[in-house]
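K.L.:
One structure, as structure tokens, below. Some questions next.
The values are calculated or read from the model by the stated rules, or taken from the named source; none is laboratory data. Only a predicted model underlies this, so the values are computations on that prediction, with no experimental measurement involved. In this analysis, Cβ positions are derived from the backbone assuming ideal geometry, glycine residues included, and neighbour counts consider all displayed protein chains.
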Amino acid sequence: MNVERYLRLIAGSFVLVASVLAWTVSPWFLVFIAFVGLNLMQSAFTNWCPMMAILRKAGVRDQHEAPGTEEKAARACCA
């Protein structure tokens, strides 16, 4: 997996867990969901996200560095 896929996985997990916590523990967890959403929006415009920097420092590859991604991108219908 590459940085972009890990980022989607982590953001989706955060939203899912925070949603359950907002339902069961405290509605203040909705603030965390809003933070994740705003962070994803700003990363769409700036192409920078703190989690991406953390993942890169952890050694996760970027998409263009992953082996075989050129072939997969060419075969993908929505690439």
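K.L.:
Restricting to region 52-76, and then to whatever is surrounded by 10 or more Cβ atoms within 10 Å (Cβ to Cβ) and not in a helix (DSSP H, G or I), can you tell me which residue is modelled with the lowest pLDDT?
P.N.:
Top of the filtered list is 66.
K.L.:
What number of residues within region 14-33 are of a type in the set (Gly, Ala, Ser) and surrounded by fewer than 11 Cβ atoms within 10 Å (Cβ to Cβ)?
P.N.:
Residues flagged as of a type in the set (Gly, Ala, Ser) and surrounded by fewer than 11 Cβ atoms within 10 Å (Cβ to Cβ) within region 14-33 amount to 1.
K.L.:
Where residues in region 21-41 are under 14 Å from the mean Cα position of the chain (by Cα) and not polar (S, T, N, Q), which of them is nearest to residue 8 (Cα to Cα)?
P.N.:
The extreme case among them is 40.
K.L.:
Regarding region 40-51, can at least one residue be identified that is surrounded by 15 or more Cβ atoms within 10 Å (Cβ to Cβ), among the aromatic types (Phe, Trp, Tyr) and at pLDDT 90 or above?
P.N.:
no
K.L.:
Within the group 25, 17, 31, 36, which residue is among the β-branched types (Val, Ile, Thr) and in contact (Cβ under 8 Å) with a residue 24 or more places away in the chain?
P.N.:
The unique qualifying residue is 36.
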